[in-house]
Amino acid sequence: MPLPMPEYDNLDATALAALVRDGEVSPRELLDAAIARIESRGPKLNAVVLRTFERARANVDTLPDGPLKGVPFLLKDLKIKLEGTVTTGSCALYTDDVAKGSSVNAQRYEAAGLQIVGKTNTPEFGIMGVTEPALRGPCRNPWNLDHTPGGSSGGAASVVSARIVPVAHGGDGGGSIRIPASATGLVGLKPTRGRVTMAPYMGDAWNGMVQEHVLSRSVRDSALLLDVVDAPTPGEPYAAPHKVRPWVEEAATAPGKLRIAFCREALYADNQHADCVAAVDDAVKLLRELGHEVVEAKPEFDRTALVRAYFLTVAAGVAYYVEEAAKHAGKKPRYRDFEPGTWLLALIGWRTSAANFERARHDMHRAGRQCAAFMGNHDVFLTSTLAQPPARIGELTLTESEELQISLLRHVAFGKVLDFAIDSMGQGKLAYTPNTQLFNQTGQPGMSVPLFWNRDGLPIGTQLVGRFGDEATLFRLAAQLEEARPWADRKPAMVKA
C-alpha cells in the first residue's frame, strides 16, 4: 500500500518546514506521513520504542510558529524528558518513570514547531556502541537488517536513514551520535562541550563527555537544529565560546582554503579495516581536489592512559545511574536488575578510588591541551569515524562466557575487574569504535559525514574534528563536501521498495 506524501522521503527538515510556511502542506499531513512510516517501516527496524501519536495529534493545530513548524521529530529514550511520557534509558527499573516536566531542550524543540512523535531505541544507559538492549531487543540498520545501526543513538539513526523522520535527537558520550551516523549514512555532529544544555535534570554526564544534538540527512538541518537549542542557560557547569552568527549561516558560507590533517590509523585500537582506510584516502583526495592543504599528522596523546580514563569516567557515571535506578524502584542495586555490561561498569565505579578518578580527569585534561596545541597548526583533523564497517547484530554483545565471568567478578579485587573490562570491552568491543572517544574527552566538536560506501553497500563515515568551540569550520567544510559529493539521493533498499 503506498505511503502518504511520497515526496516526504526526499525532503529534509528545512524543506518540509518551508512547505508548511508556504501553505503547500499542513502539519497534520506531515504528522500522518511520519506515523504511516513508523507503522510501515518501524517494525522491521525496532527503532521506535515509544509512540506519542495522540499527544502530537492533540497539539497539531496549535503548533508554535517556529522555524521547524510541523516537522516530525523523535527523541532518544535516554536522559531527555518530555512531560507526561516515560524515559527508560532501556533500563527495566524505569519503565514507570513518567516525567512531570520537559527538559529544556525538549521545550526548545517544541517551541521551534517540531512535532515529537515518539522515542527511539538505545542501549541500557547509552553504554554500548551498538543498540541491542535486553529490554527492547536489537535495533536494525536500514541498509542491511542483519547489521547494527551502531549506538548508542542507534534508534535515532535508523529512523532518519529509513526516512521515517528527517532528523532525530541523539546524545554522544563516546561517539554515540557519530558512530550511528557512520553506520547509517548520515550527518552526525557532537557539539563542543558546554554547547548544549541538559537542564534542568542534569548538569552534565560522564564528567562533561556527553553532548546532545541530532542525526540528520543534511548539513543545514544539523546547523538549524543546533541554532534551536544553542542558547544561554543559567547554571551551566561548562561554557562553550559563543557563536559569531547563526549556524545555518555558517553552513551556507564557503570554508576557504583549510589546513587539514588526517590519520589513516585507529586512535584507540591497533587495527583499521581496509574499508575505513579507503574512506580516509577517498576523503583526502576529494579535499585536495577542492583546494585544501592536506597533510598526514595526528596529535600526541597517551592512548593507554586515555582508554583507562575513559572507562573509569564512564564507570563512575554508570555506578551512579545504577544506584539512582534502584532507588527509583525502592530497592538496593542487584546484579539481576541490570545488563551484565552495565553491572561490570558499576563495579568499577564503586571500586574506583577518588585518587584514581582524579588521575583520569588529569589525563583527559592533558590530552585536551595536547590536542589544542595540535589544532593550533590545523583547522580540521580527519579520521574514519569507525575502525570497522557496521557490525552484524550480536557480533559485539557480550558472550555467555563473558557474562559468567562478570557475575563472578563481584567477588574479586578492583584491579582484576578493571583489567577484565579493558581486555574484553576495551580491546574487543572498543576496537570497533576507537576513533571518537578522544574528542569527548577533550571536548572538541566532531562530525561524521557520509562520503563513502563499501562494496557491500554499507556506509563508512568520515570524521571531521574542529578546534574547541569551532563548529563553524565543520559546518562550512561539511556543506562543501555535501555539495561536491551529494549523498541525499542515496537511500536504503527498504525505502525504495
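The values are calculated or read from the model by the stated rules, or taken from the named source; none is laboratory data. Fair warning: this is a prediction, and the values are worked out from it, not measured in the lab. Reconstructed Cβ throughout: ideal geometry from the backbone, glycine too, with neighbour counts over all protein chains shown. What goes into the accessible areas is simple: the full protein's heavy atoms, side chains included, and nothing from ligands, DNA or RNA. Shrake-Rupley method; radii C 1.70, N 1.55, O 1.52, S 1.80 Å.
Quick notes on this structure:
- Count of residues meeting criterion [within 18 Å of VAL465 (Cβ to Cβ) and either open to solvent by 90 Å² or more (accessible area, probe 1.4 Å) or β-branched (Val, Ile, Thr) (or both)] in the stretch 265-300: 9
- Summed over the stretch 323-352, the residues that are without any contact (Cβ under 8 Å) to a residue 40 or more places away in the chain and either open to solvent by less than 10 Å² (accessible area, probe 1.4 Å) or under 21 Å from ASP204 (Cα atoms) (or both) give a count of 6.
- Residue check for ALA199: closer than 20 Å to GLY457 by Cα, among the small types (Gly, Ala, Ser) and modelled with pLDDT of 95 or more: no
- Hey, ARG37 within 30 Å of LYS491 (Cβ to Cβ) and open to solvent by 10 Å² or more (accessible area, probe 1.4 Å) or not: no
- Subset of the stretch 82-139 [surrounded by 20 or more Cβ atoms within 10 Å (Cβ to Cβ), closer than 21 Å to VAL60 by Cα and among the acidic types (Asp, Glu)]: GLU110
- Where helices (runs of 4 or more DSSP H) fall wholly inside the stretch 290-375, the ranges with 1 or more residues that are of a type in the set (Gly, Ala, Ser) and out of contact with any helix residue (DSSP H, G or I) (no Cβ under 9 Å at 6 or more places or on another chain) are 354-375.
- Selection of the stretch 436-476 for residues being out of contact with any Phe, Trp or Tyr (no Cβ under 7 Å at 6 or more places or on another chain), part of a loop (DSSP other than H, G, I, E, B), surrounded by fewer than 24 Cβ atoms within 10 Å (Cβ to Cβ) and not polar (S, T, N, Q) yields ARG455, ASP456, ARG467, PHE468, GLY469, ASP470.
- Test: residue in the stretch 212-221 that is within 30 Å of ASN454 (Cβ to Cβ), more than 21 Å from the chain's Cα centre (by Cα) and of a type in the set (Val, Ile, Thr): no
- Put simply, of VAL48, VAL60 the only residue that is farther than 30 Å from PHE338 by Cβ, modelled with pLDDT of 95 or more and either in contact with a Pro (Cβ under 8 Å, 6 or more places away or on another chain) or buried (at least 17 other Cβ atoms within 10 Å of the Cβ) (or both) is VAL60.
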